[in-house]
Every structure is written in C-alpha cells, then in structure tokens.
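The values are calculated or read from the model by the stated rules, or taken from the named source; none is laboratory data. This one's a predicted model, so the numbers in the text were calculated from it and none came from an experiment. Positions of Cβ are backbone-derived with ideal geometry, glycine not excepted, and every protein chain shown enters the neighbour counts. Just the protein is used for accessible areas: all its heavy atoms, side chains included, with ligands, DNA and RNA removed. Shrake-Rupley method; radii C 1.70, N 1.55, O 1.52, S 1.80 Å.
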Amino acid sequence: MNSKQTISTRIAQLRQTIEAHDYSYYVLDAPTVPDSEYDRLFSQLRELEQQHPELITADSPTQRVSGQPLDTFIQVQHGVPMLSLGNAFAEEQVLEFAQRAEQALGASQGQSDLFSAAPVSIEYCCEPKLDGLAVSISYEQGVLVRAATRGDGQTGEDITANVRTIRNVPLKLQGEGWPENLEVRGEVYMPKAGFELLNQRALAADQKPFANPRNAAAGSLRQLDAKISASRPLEFCCYGSSTEDLAQTHAGTLQRLREWGISISPELKVVNSIEGCLAYYADIGQRRAQLPYDIDGVVFKINALEQQHSLGFRAREPRWALAYKFAAQEEITELLDVEFQVGRTGAVTPVARLKPVHVGGVMVSNATLHNMDEVARLGVMIGDTVIVRRAGDVIPQITQVLLARRPSDARAIEAPSQCPVCGSQVERTQLVRRSKNKQVVSEGAVWRCMGRLSCQAQLQQALIHFVSRRAMDIDGLGEKIIEQLVTRKLVASPADLYRLTYEQVLELDGFADVSARNLLSAIAGSKQPRLARLIFALGIPDVGEETAKVLARALGSMQRLQQAYPQTLLWLPEIGAEVAHEITSFFADNHNQSVIAQLAELQVQAVDEGQTDVAFQACATLAGFIEQFNISGVAHTNALRLAQHFKSVAALFAADWLDLCSVERLSKNTALALQDFISQDEQREHALCLEQQLIEFGMHWNCQRTQMQAAPLAGQTWVLTGTLEQLTREQAKVRLEQLGAKVAGSVSAKTSCVVAGASAGSKLVRAQELAIPVLDEAAFIERMTQLENR
Ligand code: IVH
C-alpha cells in the first residue's frame, strides 16, 4: 500500500467516525465522545485534507460551508408536489375528519352497511407541527445532492448550499438499504435558545432583532451567502418522504429514515383512535412552553400507507392528515392606558394596560412596552387598537399598532416627571456604549426615579436582590416577607436587615418561634460574604456578578472601591466608561455611603480582603495610559516610545524640552504638543493622582511589555488542568494571556502546551496521547517569569 492509499484510507476512516459521532449526537441524542475528542478528529481530517486537497469530496464533514455567495436562487421543480394540510381549530373538526376517513375507508373495504361490521379501526401517527419552513432534501446514492424550499408547492428554490450548513442534516446517509434516490421532507426551524442568542447578538451589534424564531429561520435560510446560514442555529426535523415503499406505515417510514441518519421528532406517537389524538394534543399543549422549539399545533396522519393511498387527496390537501392548530398567539385589542413601574435601579418602565383579550387560551390584560424608545418605535398612543402577541410563557408584547383605527382622542404616552411610587423626581439618562471601533452607540434612554432607597419600589427590589442566592444568599427571605418588612417600615435599607429583632420577625405573617429564629440566624450567618458577593449585592447599576468579581480581585477592599476614580476602574478588564461612571456615581451618593458605613458598623464585612492585582497587570501598560490623553501626534507608536523612554507618568510630566527632544524618532510638532500638554497644571495633577492611585492599588507599569515586539506566546493555545498551588487558575490564565497565549478548556491537536497541576486527570492523559508538551507548576512559573522578563 503506498502512502497516498494510506492517507486516503485514513481520511475515509476519519469521515466515517465523525459521521457516526454526528449520528449519535444529532439523531440518537446520545453523544458517544466528549467534544474535545470530536474536535480532535475534525481537525485531523481538516489537516489531512489541506495537505491533500485532491482527496476532498463534497460529502466530507469539513465541506458544509461552500465558498462563493450566489447571485440568485435557482428554481427547482418538485418531482412530487409539496402539498399543504387541512386545518382544524376545534375538537369537532377533528372528530369530523376522523369520521370522514372512517366512512371512506369502511366503504372502500366493503363495510358501507352500517349494521354489518364494526367500524374500521384507524391508527394515527401524531406529530408536533413545527413552526419553521418546509424543505425538501434529495439524496442520490446516499449523498445529499439538492435541497429546495416548498415555494408554491410545484416549484421551489434551490437552497442546497444553505441546507448543507445545518449540522443535523447528514451530507451522507448512514447504514444501509437506502434507495438510490431518496427525497425527504421536513421543517427547518430555529430552536428558541438559539433564537434568543441570535437576537442578543443582533442587539449588541445595533442591528434589528428578528420578531420570532420562524422569521429568523426564514431569514437565515434564504441567504445567498451560505456562510451567513452557517452562523445561524438552524435545525432540521423530517416529517415524511415522497419516496415510495420504504415501509408499510408512516411511522415505520420515519423510523427507517432515522436509521439512515435523518433527524425525526422525538415527540412522535402512534395512537389507535382519534381520542388518542386528542389526548396527544392536550398533552403537547401543556408542555408547549417547555419544548425547545416553537410549535403552532399538532399533525395527525393516518399511519397505514395503504389507507393513505385509498383516501388520496382533496384539492391540495391529503385526506389522511390534519393539522390541529393551537389558538392564535396574536389578537387585536385596545390600549386602555399606560402605567409606569419602578425597578431596582429606579428605571421607570411603561406597562400597557389592555382591554382583556384571550390570546392563545390565556386572558391577557397587560403587556410590556420595555422602555420609552420602544413606545416611540411602535408609535403607539393610548386609545390605539394594537396587536398583542404571546409566545409560550413570555410576557405578552405589543407588536403593532393599527393606525387606520386610531381614534381622534388618542393620547400621547409621556414619561412621568415624578416617580409614580414615591413622587421623587424622574431623570432621563442616555445610555451610550462604545463599540469596538470606539464609535459611540446609543443604547436608548432610561428614565430613572431619583428616590433611591426612599422609594418603596426600589427598596423592595434592592432587598430582593441583596438577599438573593448569588448575592448575600440569605435563605428564607422570600419576596412576600420582604414586602411585609417594607410596608411595615421595619427595614429602610439592606443594613436594617441585620437590626431585625426576634419580636419584629415573630410579628410577621406566617412566623412562629422556630421560623423566626431560623430567619435571624440565616441573616446573621450572611455577615461575612466574599467581597465579590458583597459588591454584587449592593446592586450598583450595570455591575453584575462577573464585574463584581473583577472589582473584588483587583481592588481587594470595599474601601478602595469607594475611593477609586472612574479612570482607575477603566484600567480593569471588561470595565468600560459607562460602568466606571455608574460605580463612581453610586459611591458618590450620600445615601449609598451611609448604607455601606452602616453595614460595616454592623460587622457585615467581606472575608477575603486583600487583592491579587492580576487584573490590573493584565492591562496596565504605560503606553496605553499615555495614549488615552489623546495628545496630538501621540497615538499607539509614539505612546510606546514615550513609555519606553520615561518609564513613569511622573517622569514624563517632569520632562523639559530637551528631555522631550531626546525621545527617539519623536517629531518636533509632537514634542511641542507634549510640552504644551504637560505644562497644564490641571492635566498634570489629574494624571499624577491617577498614577498614584493605580500604583497604590497594586498596579505596576509593565514597561518591558511596552516594547515593540510581538507577544512571545502569540498564536499559541494553552490548557490549564489539575490544581495549582502557588497560583490561582485565574492568575495563571492572566499571565498566559498577557504573553499573548489563548487559554482553552480542552486539549486538542492544536494545543501548544498543557500545564498540569496536582491530580490532573483526563486532559493530561489526552495531552500525553497527542504528544503535547506538559509543564508542571514549578516549570510553568519558571517559564512565565523567564518570558515576562525577556
Ligand atoms: S406534513 C402533505 N407534518 O405545515 C403533508 N407538515 O400546513 C404535508 N409542518 O408545509 C406536510 N410540521 O411546513 C407535516 N409534522 C408535520 C409538520 C408539517 C410542520 C408544516 C409544513 C407544511 C405545513 C402545512
């Protein structure tokens, strides 16, 4: 066997193994290998194919995404028309469908005489009716050759390139026994979770979100550039085939398709009466919100193919199938009024009060309007006729205004100038964010009640947050109890929780001796949280759990956090201008200062004071510091030169003209601009205070890192495993990242090096199998120090 043959055998083996893993994962829903193993096989295959491009075939798992975008979609004639389904919206219609079928089948079996025989028994296959797009996929000799949309049923569009990118659509059939030509039909849809994520991404990129998963699926599938489809979380579920004689029944056909690697619904059920169908409808209806995808009803299909054939079609619908649809998710109603609710951070949110209407079987009388921007976007006024939509268990939304029906006395919706709960002033704040290219992106406006904790609504929400599991984790303080504490004025701030007495708790509804003692001990038991929890618990706007951890790690104490300048905070990873501003204005507020002081007096103190300074070190370069002054002519490269030359802000500000001129390759104009800048007292003061605070907080300008050289570990991927003793994982990660390496969670053929701490397990084994270099902790630290001091 020559080496070419060996390689092509290896490629074939890898493809087969990957296809088998895909089958277990997507069709059987029972993954057989960890992701890391799968990734390793995949990259091995990709590498071999790159080295031997002549061995690449279109059905290789690496070839899902094709190269060039199309100019237009090509029309495809469906060999067998793609029909639609008759619909039922009520039980009677379902029973009539069954009766008609029974009669027709009875007649065809010679049972028209009502007295002579028992009615024909009919088996039905019940399926969910997925809310996506109908697609036909053709296989020739087991290889996917074409995929098309339904179109008008006769002619669709060729979307082969897009469908190939859907991971659970096999490019090649598994097993054996498949016919030479096979056409399967089914629905392409977007699972709810993928849809949410896609919309979050769209919002973050300032793009318009999709209205619902169906629209998102349609928009993703009809893309001339298949790379876009590939980036969208689409899935395929097969509900039939136009190829004949695969089995005797519909369910049997689907089962065979499944054996060949085609995904079918896990919710299929064969029942032996129409009552069974109704029970299926009721059951799925109840679980609808929990299903990972949207459905708009169920489909009943007569299971025996022989019976299907004898029933045939009426116009463009089969007589052997029926869609039983759920009640509409959208309804028309009237917007009676808009009220404003106040949240934890004081955000005043408009809530629509609607003329009550049944939407999808639930009475709806409120809908969210999110914020005033949404009100403006919808152009809605009080008195308008609107469309409300309810999706699963999501809060109903107004999706559209019917302008033609606007009454002459419709009123504009205005944000209140005073808080509807406490009467404090309401202020409008513009939320802005800087995008990656430093452009200011508007995130809309928020109206905020300035009453802080004197506002009952804010106080209540603040307390709920303070005691929550991820914050102070006080067990037994539910929302109802907090509501009582607030309305009875027993608690006016989180600090007051620690002043509650046994007598006070005993008086609350539902408390007795033991429960009162338990609650008090839970409160007392929360007095020494980790610093990150305490910071998170304070409920600083925009400071979530992750940001709280960064702050705790970098600053090490509440006191420092309170003192930090916004510019100091900007030096921390993940903290941008708005968050830094929110933090400093939170601590500048007298009321918040008093709450923090009271907490400290009551001995509510973080246990882990003391910082690690890794977070600062990760981003602290003097060059970056100099660059942010925006001095004319001092961009990245000159900032690096100045940093290397002066090594501290103080030295830069102490420079005279000669010093500036001695900086290598600095133009005269830039030196002049610099001289002008450093001679301004205000600038100097500000820069020096900032540098002093940064240094006091444990940051050290990393002057070596300002050298103009590529990071020594750029392009490498490291994996940390086992327990490190001298460093935390986080510290190790930050040091690696500082040197330009990426830190990954699993070992693959691409891993450059593995750091194995004590009791390292499977990752170490995998690294050894793949002959990837492994360092123990001591060797790792030595290597890091070496590289850092280079
Ligand atoms: S059977 C002749 N089964 O509903 C039979 N359709 O209203 C044609 N659909 O175009 C379809 N889930 O896009 C069938 N389990 C299911 C379905 C289903 C969703 C869609 C399909 C079809 C439309 C007909």
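Where strands (runs of 3 or more DSSP E) fall wholly inside the range 118-191, the ranges with 2 or more residues that are more than 10 Å from the ligand (Cβ to nearest atom) and under 20 Å from Trp260 (Cβ atoms) are 133-140, 143-149, 181-189. I'm trying to understand the selection: among the residues of the range 126-154, which are over 25 Å from Lys227 (Cα atoms) and in contact (Cβ under 8 Å) with a residue 24 or more places away in the chain? Across the range 126-154, the qualifying residues are Cys126, Glu127, Pro128, Lys129, Gln141, Gly153, Gln154.
Okay, residues lined up against (1) within 16 Å of the ligand (Cβ to nearest atom); (2) touching a residue at least 40 places away in the same chain (Cβ under 8 Å); (3) within 21 Å of Asp131 (Cα to Cα):
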| site | (1), (2), (3) |
| --- | --- |
| Asn199 | no, no, yes |
| Ala202 | no, no, no |
| Arg214 | yes, yes, yes |
| Ala218 | yes, yes, yes |
| Arg222 | yes, yes, yes |
| Arg232 | no, yes, yes |
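Results for (1) of a type outside the set (Gly, Ala, Ser); (2) over 28 Å from the mean Cα position of the chain (by Cα); (3) over 25 Å from Arg389 (Cβ atoms), shown as yes or no for each residue.
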| site | (1), (2), (3) |
| --- | --- |
| Gln307 | yes, yes, yes |
| Arg316 | yes, yes, yes |
| Ala327 | no, yes, no |
| Ile332 | yes, yes, no |
| Val342 | yes, no, yes |
| Thr345 | yes, no, yes |
| Lys355 | yes, yes, no |
| Val359 | yes, no, no |
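Of the strands (runs of 3 or more DSSP E) lying entirely inside the range 208-324, those carrying at least 3 residues that are closer than 18 Å to Leu95 by Cα are 295-302. Of the residues contained in the range 487-505, none is found to be more than 23 Å from Gln458 (Cα to Cα), over 32 Å from the mean Cα position of the chain (by Cα) and among the aliphatic types (A, V, I, L, M).
Within the option set Ile382, Ile295, Ile274, being more than 13 Å from the ligand (Cβ to nearest atom), in contact with a strand residue (DSSP E or B) (Cβ under 6 Å, 6 or more places away or on another chain) and open to solvent by less than 30 Å² (accessible area, probe 1.4 Å) holds for one residue only, Ile382.
Of the residues making up the range 516-555, just one is open to solvent by less than 50 Å² (accessible area, probe 1.4 Å) and without any contact (Cβ under 8 Å) to a residue 12 or more places away in the chain, namely Gly544.
The residue that is farthest from Ala651 (Cα to Cα), among those in the range 583-634 that are within 30 Å of the chain's Cα centre (by Cα) and modelled with pLDDT of 90 or more, is Phe586. Taken over the range 325-344, the residue count meeting the criterion of being open to solvent by less than 60 Å² (accessible area, probe 1.4 Å) and either in a loop (DSSP other than H, G, I, E, B) or more than 12 Å from the ligand (Cβ to nearest atom) (or both) is 11. Only one of the listed residues (Gln13, Gln77) is surrounded by fewer than 14 Cβ atoms within 10 Å (Cβ to Cβ), away from the ligand (no atom under 16 Å from the Cβ) and without any contact (Cβ under 8 Å) to a residue 12 or more places away in the chain. That residue is Gln13. Note on the range 21-35: residues that are part of a helix (DSSP H, G or I) and either open to solvent by 40 Å² or more (accessible area, probe 1.4 Å) or farther than 23 Å from Thr165 by Cβ (or both) amount to 4.
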